[in-house]
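A.B. asks: One structure follows; several queries about it will come next.
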2 protein chains.
Amino acid sequence: MSLVTVDEANAEFYAAFEAVDLDRMSAVWADGPYAESVSCVHPGWPLLRGRGEVLRSWALIMANTPFIQFVLTDVRTEMCGEHAVVTCSENILTADDDTDLGFSAGGSVVTTNMFVRADGQWRLWLHHGSPVLNRIGDEE
Amino acid sequence: MSLVTVDEANAEFYAAFEAVDLDRMSAVWADGPYAESVSCVHPGWPLLRGRGEVLRSWALIMANTPFIQFVLTDVRTEMCGEHAVVTCSENILTADDDTDLGFSAGGSVVTTNMFVRADGQWRLWLHHGSPVLNRIGDEE
């Protein structure tokens, strides 16, 4: 894996999740001086803070995710010096334990990913994913 | 209103919403070179990009919000040079048009607010709010 560019780091985050590989996921997230301020919001979840709590949530999620695949759309990266913000839509194909790999969900999540550059590598500092519900804004 | 500090700018964002004042809300959001990259995710909505689209969404929301009040908890501000990130939980008391001010919702939203400093003022550049559902992460 490479975290040399923001795009690579963002791709590695999703690749680690698709591979259901907690070690790779751990390597994506910021550490050292940033460990304490790492933040993560899974869709529908409250805010989690701190590298320990965030990685425990990934262990829990991965333990309940036999299969997940992402197609990212509307990806946009904004550079802010040693920080970068990626916004994108996650189009998700997944299965859960109950369905014996009958696919249970094809959801859509909108995401803000903030990265910080440390030691020449871009590491994930904040992940905020939220469910896109059925066009509640269009009702007028 | 003052946007001299990040905390003031964040407070003004919620004050503008509580006042249901679109002019104040417009003044909070970044403009000029940042207008095109402004981003906003309302809870359950897809990502909106660009100052025009974002402010139209606020006009729509405000037209359907006779009353809303926020109590912010777990507020945390991270400074990154000319950018700043505020994460917080919005505890919301609201009413909608159908209820004749019988309060219909006391919801919880977790939020990432990114600000950028321009001309000595902190302006909102990205707002990402997501609904906190009922502890879906705890089921194991």
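The values are calculated or read from the model by the stated rules, or taken from the named source; none is laboratory data. What you see is a predicted model; the values in this text were computed from it and never measured. For neighbour counting, all protein chains shown are included, and Cβ atoms are generated from backbone atoms with ideal geometry for every residue, glycine included. These area figures cover heavy atoms from the full protein model, side chains too; ligands, DNA and RNA do not enter into them. Shrake-Rupley method; radii C 1.70, N 1.55, O 1.52, S 1.80 Å.
A.B. asks: Restricting the first residue to the range B:1-13 and requiring it to be at pLDDT below 95, which pairs with a second residue that is open to solvent by 10 Å² or more (accessible area, probe 1.4 Å) meet a Cβ separation below 6 Å and a spacing of at least six or different chains?
C.D. replies: Qualifying pairs under 6 Å: B:1/B:12; B:2/B:8; B:3/B:121.
A.B. asks: Among all residue pairs at least 6 apart or on different chains, which show Cβ distances below 6 Å where the first residue, located in the range B:67-91, is within 18 Å of residue B:34 (Cβ to Cβ) and the second is surrounded by fewer than 14 Cβ atoms within 10 Å (Cβ to Cβ)?
C.D. replies: Final answer for the pair search is B:81/A:81.
A.B. asks: Now a separate question. Check A:126, A:133 and return the single one that is facing chain B (nearest Cβ under 7 Å) and at pLDDT below 95.
C.D. replies: Only one candidate qualifies: A:133.
A.B. asks: Continuing with this model, one more query. Which is within 14 Å of another protein chain (Cβ to nearest Cβ) and buried (at least 16 other Cβ atoms within 10 Å of the Cβ), of A:15, A:30?
C.D. replies: A:30
A.B. asks: Further, regarding this structure: Can you confirm whether residue B:9 is under 21 Å from residue A:85 (Cβ atoms), open to solvent by less than 40 Å² (accessible area, probe 1.4 Å) and within 14 Å of chain A (Cβ to nearest Cβ)?
C.D. replies: Against the criterion (under 21 Å from residue A:85 (Cβ atoms), open to solvent by less than 40 Å² (accessible area, probe 1.4 Å) and within 14 Å of chain A (Cβ to nearest Cβ)), residue B:9 does not qualify.
A.B. asks: I need a count of the residues in the range A:34-49 that are free of Cβ contacts under 8 Å to residues at least 24 places away in the same chain, assigned to a helix (DSSP H, G or I) and not small (Gly, Ala, Ser).
C.D. replies: 1
A.B. asks: Which one of these is out of contact with any Asp or Glu (no Cβ under 6 Å at 6 or more places or on another chain), part of a strand (DSSP E or B) and away from every other protein chain (no Cβ under 11 Å): A:71, A:20, A:75, A:54?
C.D. replies: Values: A:20 fails: part of a strand (DSSP E or B); A:75 fails: away from every other protein chain (no Cβ under 11 Å); A:54 fails: part of a strand (DSSP E or B).
Step by step, each of A:71, A:20, A:75, A:54 is checked, and only A:71 is out of contact with any Asp or Glu (no Cβ under 6 Å at 6 or more places or on another chain), part of a strand (DSSP E or B) and away from every other protein chain (no Cβ under 11 Å).
A.B. asks: Output the residues belonging to the range B:28-41 that are in contact with a Leu (Cβ under 8 Å, 6 or more places away or on another chain) and of a type outside the set (S, T, N, Q).
C.D. replies: B:28, B:29, B:30, B:38, B:40, B:41
A.B. asks: With the checklist (1) within 13 Å of the chain's Cα centre (by Cα); (2) β-branched (Val, Ile, Thr); (3) more than 10 Å from every other protein chain (Cβ to nearest Cβ) in hand, flag the one item residue B:61 doesn't pass.
C.D. replies: Unmet condition: (3).
A.B. asks: Quick one: which of B:87, B:94 is at pLDDT below 95 and open to solvent by less than 50 Å² (accessible area, probe 1.4 Å)?
C.D. replies: Of B:87, B:94, the one residue that is at pLDDT below 95 and open to solvent by less than 50 Å² (accessible area, probe 1.4 Å) is B:94.
A.B. asks: Considering only the range A:33-45, state which residues are open to solvent by less than 40 Å² (accessible area, probe 1.4 Å) and either of a type outside the set (A, V, I, L, M) or facing chain B (nearest Cβ under 7 Å) (or both).
C.D. replies: Within the range A:33-45, A:37, A:39, A:40, A:41, A:42, A:44, A:45 meet the criteria.
A.B. asks: So residue A:56 fits all but one of (1) free of Cβ contacts under 8 Å to residues at least 24 places away in the same chain; (2) of a type outside the set (Ser, Thr, Tyr); (3) open to solvent by less than 60 Å² (accessible area, probe 1.4 Å); what number is the exception?
C.D. replies: Here residue A:56 clears every test but (3).
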